[in-house]
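Scroll down for the structure; my scribbles are underneath it.
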Amino acid sequence: MDKKSVFAESFALDNAAKDIVEIRRRIKYESELDKSFKDKIAKSAHGEKLYGCIQCGTCSAACPVSHYMDYTPRKIIQMVREGFKEEVLTSSTVWLCASCYACTVECPKGIKITDVMYALKRESILGNYYPKKSPASILANNFFNQVLNNGRNSEGPLLVKMYLKTNPFMLLKNMALGFKLWMRGRISLKTERIKDKRSLKRLLQSVEDNSINKAKINSPALKEASAV
Amino acid sequence: MKYIYYPGCSLKSTGKLYEESLLAVFDALGIEYEELNDWNCCGATAYMAVDEKKAFVLAARNLALAEQQMKDEKEVNIVAPCSACYMILLKTQKYLEDNPEDMAVIKAALKESGLEYNAKAKVRHPIDVLINDLGEKEISKRITKPLKGIRVASYYGCQTVRPYSTFDDQRNPVAMDNLFKAAGAEVVDWSMKTRCCGASLTGTIQEVALPLSYIILHEAKKRRADVVTTACSLCQFNLECYQTNIDKKFKTDTKIDVIYFTQLLGLALGIEPKKLGMNRLFSQPEDLYRIMEGGKPVYV
């Protein structure tokens, strides 16, 4: 049987067999890869050093949460370079990174891996890839909006809002802890604000308008934030 | 020399005891400070994940405000006790230095709102100030209640020394250990000094965060530490307030006192516990008080 007929046969499979094909298709065709992805990430993670990764795996070894990730930091870097955009941006890795900078300090090629993760988080929000129910991305979004509007972060309202949006059950579960903190004057539901909110907003807007690498805002979360 | 004190959001809420104890220690040691007027969020971790440039602007505004407030001084030193604030302020300085184009944009925007940033401000961590500006000798002279017999496990957390700090080693920092040696304590040599505590994951993805805190607490107990001292409000919160959750999950006993390094130092300087915000802890460090009064520690 020549190559052509194998392909013809596999496309004529019934539904049950399609699943298998689906699984095999985790390896993409080269034409489906986003070859410009790596340049975009390298640019916003400040460094061309991303291209010099030798795949030694020191980052994955240094990472305290790599064993919970669907792709380890080493794999993520290679996938970014190959152009597996969707897989990378929908992965749990990006939102599990706690920014402890262990990988950045250890990398023998000087890649700022934590900044790569930040760049991926931003791409994932901008392109609307982020998991809508994942507390980590919701927290980042809420935090962003709160600081944009008030200049400061208020921990109490931030957490309540996050749990309401993601998993209200967690709010009940953490009620006892919240009460304990409140009793000791360590948390309140008051919103903290700076005095000169207007000038801060103007400042942020002016930088946004004058930036050379202006990022396009597609994400509804960001639009909502900048509209207020 | 006068320092600009930049509290950051968490030192006004969950880390209130950090603020109280830090300022009490500064007062006791005669370190002059002034709180930064109308400071804003530093643009830390979660903000960076949404918009990097805006995060840098937020940090730059604080730096510019500090320079404005200390106009007449030669040096501008900002003390940022929260690790995330400390790291992000340093990161912003480094980034703007390396990217003159962005620096120009941000400078112009600051000028519009009547501020000026000349990259004059120096970002300092309180440990750095105590060890390098005041010195161990000076501190040991002021100790009135030496921490004799207390085994201290200094926990620095990640962002205090990584990746931009200049005052200590990134893998095995010793500044806090030296501080407590000067105060007469016995320091525990352990490998968890800069391991991640789980950070904000305790609020978001607990299944991942609790094991991280557990490893640190377990190791501290194994090394027979009497107290774990931290220099970051999120670390202290995670390690102290989640102890019951951790014990439930791992069916162990990780009960150990986790306090701020400024609180322990304050006790050694003879400051009243209430002034150090000890009343805000979840449980009082009874063992610590007992050893300080000459009692023997009990190891289980």
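The values are calculated or read from the model by the stated rules, or taken from the named source; none is laboratory data. Because the structure is predicted, anything quoted here is derived from the model rather than measured. Note that each Cβ is placed from the backbone with ideal geometry, even for glycine, and that neighbours are counted across all protein chains shown. Ligands, DNA and RNA are excluded from the accessible area calculation, which covers all protein heavy atoms including side chains. Shrake-Rupley method; radii C 1.70, N 1.55, O 1.52, S 1.80 Å.
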Exercise for the section: Filter the stretch B:210-229 down to the residues that are outside any helix (DSSP H, G or I) and among the charged types (D, E, K, R), then identify the one that is least open to solvent (accessible area, probe 1.4 Å). Expected result: B:D226
Problem - Evaluation of A:S99 against (1) surrounded by fewer than 22 Cβ atoms within 10 Å (Cβ to Cβ); (2) free of Cβ contacts under 8 Å to residues at least 24 places away in the same chain; (3) within 16 Å of the chain's Cα centre (by Cα) (one fails), failing number - result: (1)
Practice task
Working only within the stretch B:264-289, note down all residues that are assigned to a loop (DSSP other than H, G, I, E, B), more than 14 Å from chain A (Cβ to nearest Cβ) and open to solvent by 10 Å² or more (accessible area, probe 1.4 Å).
Solution key: B:L269, B:G270, B:I271, B:E272
Problem - Residue list for the stretch A:75-104, restricted to those being over 27 Å from B:Y156 (Cβ atoms) and either touching a Pro at 6+ places or on another chain (Cβ under 8 Å) or not in a helix (DSSP H, G or I) (or both) - result: A:G83, A:F84, A:T90, A:S91, A:S92
Problem - Number of the condition not met by A:T104 [criteria: (1) crowded, with 24+ Cβ neighbours inside 10 Å; (2) at the interface with chain B (Cβ under 9 Å from one of its Cβ atoms)] - result: (1)
Handout entry: Options A:A140, A:A119: the member that is closer than 27 Å to B:Y156 by Cα, in contact with a helix residue (DSSP H, G or I) (Cβ under 8 Å, 6 or more places away or on another chain) and touching a residue at least 24 places away in the same chain (Cβ under 8 Å)
Key = A:A119
Completion exercise
Note: among A:I217, A:I187, just one is open to solvent by 30 Å² or more (accessible area, probe 1.4 Å), of a type in the set (V, I, T), assigned to a loop (DSSP other than H, G, I, E, B) and modelled with pLDDT under 85, namely A:I217
Exercise for the section: Quick one: which residue in B:A80, B:A44, B:A59 is without any contact (Cβ under 8 Å) to a residue 60 or more places away in the chain and more than 9 Å from chain A (Cβ to nearest Cβ)? Expected result: B:A59
Exercise for the section: Check B:E116, B:E101, B:E97, B:E138 and return the single one that is in a loop (DSSP other than H, G, I, E, B) and either touching a Phe, Trp or Tyr at 6+ places or on another chain (Cβ under 8 Å) or open to solvent by 30 Å² or more (accessible area, probe 1.4 Å) (or both). Expected result: B:E116
Exercise for the section: Could you check how many residues of the stretch B:155-209 are part of a loop (DSSP other than H, G, I, E, B), among the aliphatic types (A, V, I, L, M) and open to solvent by less than 10 Å² (accessible area, probe 1.4 Å)? Expected result: 2
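Residue-by-condition table, conditions (1) under 22 Å from B:R61 (Cα atoms); (2) more than 9 Å from chain B (Cβ to nearest Cβ):
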{"site": "A:A98", "(1), (2)": "no, no"}
{"site": "A:N149", "(1), (2)": "yes, yes"}
{"site": "A:K161", "(1), (2)": "no, yes"}
{"site": "A:M183", "(1), (2)": "no, yes"}
Handout entry: Members of the stretch B:134-161 found to be of a type outside the set (G, A, S) and closer than 22 Å to B:C85 by Cα, listed by number
Key = B:Y155, B:Y156, B:C158, B:Q159, B:T160, B:V161
Practice task
Six or more apart or on different chains, Cβ under 6 Å: which pairs go from a residue in the stretch A:45-63 that's part of a loop (DSSP other than H, G, I, E, B) to one that's buried (at least 18 other Cβ atoms within 10 Å of the Cβ) and among the small types (G, A, S)? Could you list them?
Solution key: A:A45/A:A119
Exercise for the section: For residues that are in a helix (DSSP H, G or I) and open to solvent by 10 Å² or more (accessible area, probe 1.4 Å), scanning just the stretch B:62-86, find the one that is farthest from B:V105 (Cα to Cα). Expected result: B:A84
